[in-house]
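Enquirer: Attaching a single structure in structure tokens format; questions to follow.
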Amino acid sequence: MACSSVKMASKSGCAQGQGDVLEDWTDANRKAWEIEQAWSLLEQSSPTVYAMRNGWRQQRYEQQGGRCLYCRQHLIRSEALAKIPNSLTLDHVIPLAKGGPDTFDNTVAACHACNQAKGMLDLGEFSTHPIRLQRLTAANTPPERLSADEKSPYYSKAALDREVRVFFNERERFDVHEYSVTEKWILVPAGKSKNRFGQPLLIKLWGHIRVQYPSELDDLLRAGALDFPPMSAASLEQGG
Ligand SMILES: [Zn+2]
């Protein structure tokens, strides 16, 4: 990324327009970062503020099933100061630096990576941010091959718990025991036939395989589990 360092980029002949945009973006983010630093200092120096924020953080974490609202990746709770991309943070949906209120309604649990990338952006802007989309894709892609048989090396409880939907030639199937997307096959029971161990006889069908997780954000919104302003929810959905 030759143009990622803005001050240098504008001198070293990066396209002018791009430099301008990047410059605005970094300035805005630097400001957001400074404000965030000031707030975390306040959090550190004031036990009351810390306790309040921490309460919200834990509450949002529970409500969102331990996942980042923006990218749906699993959040890791840690008191350590050094944060990793999946560390649990509390994010203000409308940034404080843009006049967003420091209230529970304006907060969500977000991963450190999304929180940093979001900076001064509002939800609509952040919904199409490359970092969010990249993390969302990674979190929302079921394994390339998956087996429902516990003894198989392709078994994954985490993936099965999320109820992978399998489409065979664009028709959803509910009887799939195993699939492979790249090898283009599914294993399904052959009628009611059983083998001598009483297990269903499986046959392999070849065709186009598409797999996906159900849209959890939709489910959460429908269940009313998230109670920040409806406007925010709508703009996030469009981006996802
Ligand atoms: Zn995230």
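Enquirer: Give me a count of the residues in region 97-128 that are at positive phi and crowded, with 18+ Cβ neighbours inside 10 Å.
Expert: 1
Enquirer: Name the residue, out of ILE94, ILE131, that is open to solvent by 60 Å² or more (accessible area, probe 1.4 Å), among the hydrophobic types (A, V, I, L, M, F, W, C) and within 29 Å of GLN212 (Cα to Cα). Let's see the steps before the verdict.
Expert: Numbers: ILE94 fails: within 29 Å of GLN212 (Cα to Cα).
After ruling out the rest, the residue left standing is ILE131.
Enquirer: Among the residues that make up region 197-217, is at least one of them open to solvent by 70 Å² or more (accessible area, probe 1.4 Å), within 24 Å of CYS71 (Cβ to Cβ) and not aliphatic (A, V, I, L, M)?
Expert: Yes: region 197-217 contains one or more residues that are open to solvent by 70 Å² or more (accessible area, probe 1.4 Å), within 24 Å of CYS71 (Cβ to Cβ) and not aliphatic (A, V, I, L, M).
Enquirer: For residues that are more than 10 Å from the ligand (Cβ to nearest atom) and of a type in the set (S, T, N, Q), tally how many sit in region 72-86.
Expert: 1
Enquirer: Take SER40 and tell me if it is at pLDDT below 80, open to solvent by less than 40 Å² (accessible area, probe 1.4 Å) and either among the hydrophobic types (A, V, I, L, M, F, W, C) or closer than 23 Å to LEU123 by Cα (or both).
Expert: For SER40, the condition - at pLDDT below 80, open to solvent by less than 40 Å² (accessible area, probe 1.4 Å) and either among the hydrophobic types (A, V, I, L, M, F, W, C) or closer than 23 Å to LEU123 by Cα (or both) - is met.
Enquirer: Shifting gears a bit: In region 61-90, how many residues are farther than 20 Å from THR137 by Cβ, of a type outside the set (Val, Ile, Thr) and in contact (Cβ under 8 Å) with a residue 24 or more places away in the chain?
Expert: Residues in region 61-90 being farther than 20 Å from THR137 by Cβ, of a type outside the set (Val, Ile, Thr) and in contact (Cβ under 8 Å) with a residue 24 or more places away in the chain: 6 in total.
The values are calculated or read from the model by the stated rules, or taken from the named source; none is laboratory data. Computed from a prediction, not measured in an experiment: that's the story for all the values here. Ideal geometry is used to build each Cβ from the backbone, glycine not excepted, and the neighbour counts take in all protein chains shown. Please note that ligands, DNA and RNA were not included when accessible areas were found on the heavy atoms of the full protein model with its side chains. Shrake-Rupley method; radii C 1.70, N 1.55, O 1.52, S 1.80 Å.
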